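Below is one structure, written out as C-alpha cells; the observations come after it.
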Amino acid sequence: MQNFPSDNHSSVSAFILLGFSRNSYINAILLNIFLRLYLSTLVGNGLTVTLIHVDSRLHTPMYFFLSVLSMLDMSYVTTTVPQMLVHLICQKKTISYVGCVAQMYIFLVLGITEGWLFSVMAYDRYVAICYPLRYKVIMTPWLCGAMVVFCGLWGISCSLVYTVFTMRLPYCVPNEINHFFCEVPAVLKLACADTSFNDQVDFILGFILLLVPLSFILASYVCIFATILKIRSTQSRLKAFSTCGSHITVVTMFCGPAMFMYMNPGANASPERDKKLALFYNVISAFLNPIIYSLRNKDVKRAFLKLTGWGRASE
C-alpha cells in the first residue's frame, strides 16, 4: 500500500466490519438465527452430497452437478458466516488486510463458479428433455467433469481480476466497511481514489459473468419449453416441467440479487440494501437449495429412506 502525507489517507493493515447492528440485543437475536441457518445449510447440503455419493441410482449427470452445487454452497457460506457469527458476539470486529483480500477472492471464486454452473445445469436439462435418446452419449462423465473444470477456471481467473483491481487502490482511515464481510462494492467505498474505472470494470465483468450465463440458461429453456409443449401426455409434460422448476427457482434467487449488487454503479449503492442482497444470495439461497431440489424429488427421498433404513421398515 502507498503512504500518503495527508492525515486523511493512510496505509491500512486491517479493516473493521460494521455488520448489521451495534445493539447487543439485536446481535444476540441475529446470532441465533444465522447460526441455525448456517448449521442447517451444512447439514442439508452435506446430506445431499452424501446421498448422491452412496446411492448408485443417483450417479447421473444431473445429480453430479447437484452435488457440486451443494459443495460450492457449503464452501460459500463458510467463507463469510463463521466470521460474521464471531463478530456478532465480540467487541472486536476487525479483519486483517490479507484476510480481507483472501475472503474477497475466495468468495468471488465460489460465486462466479456457481453462476456458470447454473448454465451447465440448464444445458444438462436441455439435452435430457430435447435429446433423451442421446442423453447418455452426449453427457459423458468426461464432458461433465470438463464443464465443471471450465466453471472453476472462470471463477479463478475472473475473481483475480476483481480482487486485483479492487485492492490496488489506496484506502482511507477510518477503515470501517459497512458490511458483514469483505465484498467488492463495500470495500470500494473506502478507497482514497476515483473508483469510476472500477465501476466500469465491475459492470463489464458483471455482464460477462451474470448476463452471459443467464442468456445460455434462457436459450436452453426456450428450447426445453418448446419441446415440452409438443409432449402429448399431460403427466409426462408436468414431470418435465417439475424437473426444470427447481433449477429456475435457484437461478432466480442467486442471480437476481447478484445482478443488482455487481451491475449497479457504486454511487447509487445503498449499504443497507447491499447487505440484505448479499445475505440473500450468500446465506439464504445456500440454505434453500437442498430443500428446493429435494422436497419434491422422489429419487432423493428414496435414497434418504434407504440410507436411514426407514424405507425397509415401511415396505
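Near Cys192, the amide H atoms lying under 5 Å from its own belong to Tyr171, Cys172; only residues 5 or more places off or on other chains count, and H is placed 1.01 Å from N.
Per q in 0.12, 0.29 Å⁻¹, report the Debye log10 I(q)/I(0) for the range 200-255, using one uniform scatterer on each alpha carbon and no solvent. Log10 of I(q)/I(0), two decimals: -0.38, -1.13. Candidates Asn198, Ser67, Ile16 compared by Cα position along the dipole of the chain: farthest toward the positive end lies Ser67, with charges placed on Cβ. Could you point to the residue in Pro141, Thr163, Leu277 farthest towards the positive end of the chain's charge dipole, with +1 and -1 charges on the Cβ of Lys/Arg and Asp/Glu respectively? Positive-end residue among those listed: Pro141.
The long axis of helix 24-54 is offset from the longest Cα principal axis of the chain by roughly 40 degrees. Computed on the chain, with alpha-carbon pairs under 8 angstrom and 6+ residues apart, the relative contact order is 27 percent. Residues whose amide H falls under 5 Å from that of Ile177, counting only those 5 or more places apart or on a different chain, are Ile16, Leu17, Leu18, with hydrogens built in the peptide plane. For the chain, the solvent-accessible area works out to 51 Å² per residue, with a probe of 1.4 Å and every protein chain left in place.
Where only DSSP H runs of four or more residues are counted, the chain gives -23500 deg cm²/dmol as its mean residue ellipticity at 222 nm, each run worth -39500 (n - 2.57). Pairs of alpha carbons in the chain separated by more than 29 Å make up 42% of all such pairs. Among the trypsin sites (Lys or Arg not before Pro) in the range 48-154, those located in a DSSP loop and surrounded by at most 10 other Cβ atoms within 10 Å of their own Cβ are Lys92.
Accessible surface of the chain, 1.4 Å probe: 67 percent of it comes from carbon and sulfur atoms. Taking the longest Cα principal axis of the chain as reference, the axis of helix 97-130 is set at about 20 degrees. Here the dipole of the chain is about 1400 debye; that uses its Cα centre as origin and unit charges on the Cβ of Lys and Arg (positive) and Asp and Glu (negative).
The values are calculated or read from the model by the stated rules, or taken from the named source; none is laboratory data. Everything quoted here is computed from the prediction, not taken from an experiment. Quick reminder, even Gly has a Cβ in these numbers, built from the backbone with ideal geometry, and neighbours come from all protein chains shown. Remember, those area values only see protein heavy atoms, side chains included, never the ligands or the DNA or RNA. Shrake-Rupley method; radii C 1.70, N 1.55, O 1.52, S 1.80 Å.
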